[in-house]
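Values in this text are rule-based calculations from the coordinates and carry no lab data. Treat the numbers as computed from the prediction; the structure is a model and nothing was measured. Please note: Cβ atoms are built from the backbone with ideal geometry, for glycine as well, and neighbour counts cover all protein chains shown.
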Amino acid sequence: MAGEKRGGPRGQKPMDYGGMDPRLMASLVSKIPKNAVTGRVDLPDIMKYMSQHPDEMDALMASVKDLDLESKNVDFSTYDFPSLAPTIKHESFWVLQLEHLGMVDASGRPRDPAAAHTSSGVRHTFMIYCYDDQEQYRVTHECDGLPTSTTVLQVLQRAIAKPLPPLKPALPWLLLLSIKFEPHISDLKPFLDSLPAPFHWRLETRTEADSLKEGIYQLNENGAQKALESAHKLKASGNASFGRKDRTSALKAYSDAINALDDVLAMTPDIKDEKQAKKQLAICFGNRAAAYLMPGEGMDAVKALHDGEAAEAADPSYAKAYIRQATAQQIMGKSQMAKDVIARALRLPGLEDDGGLVDRLIELYTDGKGLSDNEEVFKNWTLDICINDARSSKRLRGIKGEWRRRLDAQFAKWKR
């Protein structure tokens, strides 16, 4: 019955595609890796794939237009909901659910909650969705922040009167509302109570909600391990392709690994798995950046820079995240920004002794020549970068650790 499917369409029946062209959707699903938790491809997996492949999104939107849908909006204030009584099938049920999708920045790009404080305009996003006992999504609605009672009511009315095509207006025998909608019940009750019998509704019980959480936790725990293992294998495959200088294969493998790790973090893993996933995510972003930076056709410094920034967001202690950014900036002719990136990294307590970062900063400041063994040249160079050049002086001020030791060791060569 209804209580058995509160968390979303997770059964093994054929998937419904919310009214989209079944042939097109089937071709898309065949390209998408199965979700590590559910073992199948569900709506969130499809949406992620579509966001990464805008050309196929265009084809999907064209298929929607071909349905010649009714363009007029439904006026819910005058809609004759009681006229839908004949559509009620005995023991049919719908579920209205609310899920947290994550955080996005002002441009709509997903943001890591741990790094959200570093960006302006970051907000939580949620999705309200309604599905039936045939695993068909009647409506989905994304909203910024928690929905208001008015929004919840409108989404519910749309599920009834204007569902996703080719579904038709209808009413269920039972409507089960997630306990997350409890704050809105007083506003929803007048409308729900006005619907014709034998329609009835109820709020999910605490026991049902707790049972669902336990089930989801176990699914997430098992799924996180599977996704971590998958990401490890994909990363190894990417490394092998990178070693062969096969940019295309390396990019695909690293991208698939990143998707698997994104899935882990979306499962609300335990602290250990979350920490491992973020570290691996940083490495995979860093490796994909390196693949973009390989010389030859297909080199893309802009994408490499974005991946380097993503690696830093996932794990600020990952030194190569900054090195990838600096290399990309240098290729784009922005050597000053490249130096800024490395200097920023060397100010972090956990990275101030990283020799690779110091090597990179010296390369940038000496055009790859290294520290001069000529006393006059070295001292004049030090004077320039630490005092005479205002931007450089500000950049290097306060950096200690390995950078300071390298300079001191060079000065020590001429002590008398």
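Tabulated data for the structure shown
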quantity: Hypothetical label at Thr125: residues of region 279-298 whose amide nitrogen lies under 15 Å (7 Å Cα-Cβ projection); calculated: none
quantity: Sequence-separation-based contact order of region 285-395, relative, with Cα cut under 8 Å and 6+ spacing, percent; calculated: 16 percent
quantity: Cβ-Cβ FRET estimate between Ala409 and Lys279, R0 fixed at 30 Å, reported to 0.05; calculated: 0.40
quantity: Nearest-0.05 FRET efficiency for Leu192 and His232, computed from C-beta distance (R0 35 Å); calculated: 0.10
quantity: Sorted by Cβ density within 10 Å, fewest first, the residues Ser186, Ser393; calculated: Ser186, Ser393
quantity: Zone of Thr148's modelled label, taken as backbone nitrogen in region 176-199 under 13 Å from a point 7 Å along Cα→Cβ; calculated: none
quantity: 3J(HN,Hα) from dihedral phi, region 167-178, Karplus parametrisation 6.51/-1.76/1.60, rounded to Hz, x for glycine, proline; calculated: 4, 10, x, 6, 10, x, 6, 9, 10, 9, 9, 4
quantity: Glu99 versus Gln336: modelled label distance in nm, points set 7 Å from Cα along the beta carbon direction; calculated: 4.7 nm
quantity: Gyration tensor verdict on region 211-333 (Cα atoms; rounded if a/c is under 1.5, prolate if a/b is larger than b/c, oblate otherwise); calculated: prolate
quantity: Computed E for Glu375/Ser317 - FRET, C-beta separation, R0 35 angstrom, nearest 0.05; calculated: 0.45
quantity: Radius of gyration, Dmax [region 255-301; alpha carbons; angstrom]; calculated: 13.1, 42
quantity: Residue exposure sequence - Glu204, Glu229 - by fewest surrounding Cβ within 10 Å; calculated: Glu229, Glu204
quantity: When each of Lys245/Lys339; Lys303/Lys400; Lys320/Lys379; Lys339/Lys400 is checked by Cα-Cα distance, pairs over 22 Å; calculated: Lys245/Lys339; Lys303/Lys400; Lys320/Lys379
quantity: Fully extended contour minus Cα-Cα distance, from Thr366 to Glu297, at 0.36 nm per residue; calculated: 22.0 nm
